[in-house]
Amino acid sequence: MGKVYVDSYEVGSFEPQTEGTSGDVYVDNYNVGSFEPLAQSGYVYTDSYQVGSYSLPVPQPHFTIISYPSSLVVAPSQSFSLKVTVKNDGEADGNVTVKLRDHNNNIVDYKTKSITVGSLVEFEFSATSPSIDGLYSWTVEAFNESTSQIDDKKTIKLEVSRFYVIMQQLLYLLPQIIIIILIVTLILSLTKE
């Protein structure tokens, strides 16, 4: 519902809220009158006396983060990247600034893009992990440039581990280790014969 004001105080509401339509005015859920076809804003009258004003809500974009990594495992001081997908599920096209923040709430990376209503846009960020092993909470947020508000915010659990480096190296070497074991096994079986 739209809002009705008297001397800057909200005193009632009206519906429907579409420009060019007529409808009813309510104060405390009581129908107190009707209005002529709406413009974007105007005045409310009772018995030909102006008693207040109204304005229609302006269609705004709204941004929702629909895809992001909820957890990451990285080595200390490792450069890494991550992708975030944002949807404009609002009523107007608009610009969104998506910010990646670290555990100290510092902005690590940010990007601004325009998104049309109903569309999805992917953002890619680069960062460097903390130098000390531990569990960290980072965030990614969708800041609506039209409303100057954060429409959505998600937490990313960042695990920084030296063990991760060892596991990466072992996984890289695993095929070579398996081949060496097979060759040694073959040689040992041939020497027994």
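Rolling a 1.4 Å probe over the protein heavy atoms leaves ILE107 with an accessible area of roughly 80 Å². Note on surface exposure: ARG162, ARG101 rank ARG162, ARG101 by accessible area, highest first, 1.4 Å probe.
Sorted by packing (mean other beta-carbon atoms within 10 Å per residue), highest first, where do 77-83, 92-98 land? Present the calculation step by step, with values, prior to reporting the outcome.
On the way: 77-83: 12.9, 92-98: 19.1.
The densest-packed peptide leads the list: 92-98, 77-83.
To the nearest 10, the accessible area of GLU141 is 10 Å² with a 1.4 Å probe. Kirkwood's formula applied to the C-alpha pairs of segment 84-162 gives a hydrodynamic radius of 13.4 angstrom. Residues whose amide H falls under 5 Å from that of ILE66, counting only those 5 or more places apart or on a different chain, are THR85, VAL86, LYS87, with hydrogens built in the peptide plane. Cα to Cα, under 25 Å, and not fewer than 8 places away if on the same chain: which lysines meet these conditions relative to LYS153? Those lysines meeting the cut-off are LYS83, LYS87, LYS99, LYS111, LYS113.
If VAL58, VAL108, VAL86 are ordered by their accessible area, calculated over protein heavy atoms with a 1.4 Å probe, which sequence runs from highest to lowest?
VAL58, VAL108, VAL86
Backbone phi angles across segment 125-135, fed through the Karplus curve with coefficients 6.51, -1.76 and 1.60 (θ = phi - 60°), yield HN-Hα couplings of 10, 10, 7, 10, 6, x, 7, 10, 4, x, 9 Hz in residue order; Gly and Pro are listed as x. Overall size of segment 54-192 from C-alpha positions, given as principal axis extents largest first: 97, 31, 16 Å. Taking every protein chain into account, the 1.4 Å probe leaves GLU124 with about 90 Å² of accessible area, to the nearest ten.
The values are calculated or read from the model by the stated rules, or taken from the named source; none is laboratory data. Predicted model, so just to flag it, every value in this text is computed and none were measured. Note: ideal-geometry Cβ built from the backbone for every residue, glycine included; neighbour counts use all protein chains shown. Areas reflect the complete protein model, heavy atoms only, side chains present, ligands, DNA and RNA absent. Shrake-Rupley method; radii C 1.70, N 1.55, O 1.52, S 1.80 Å.
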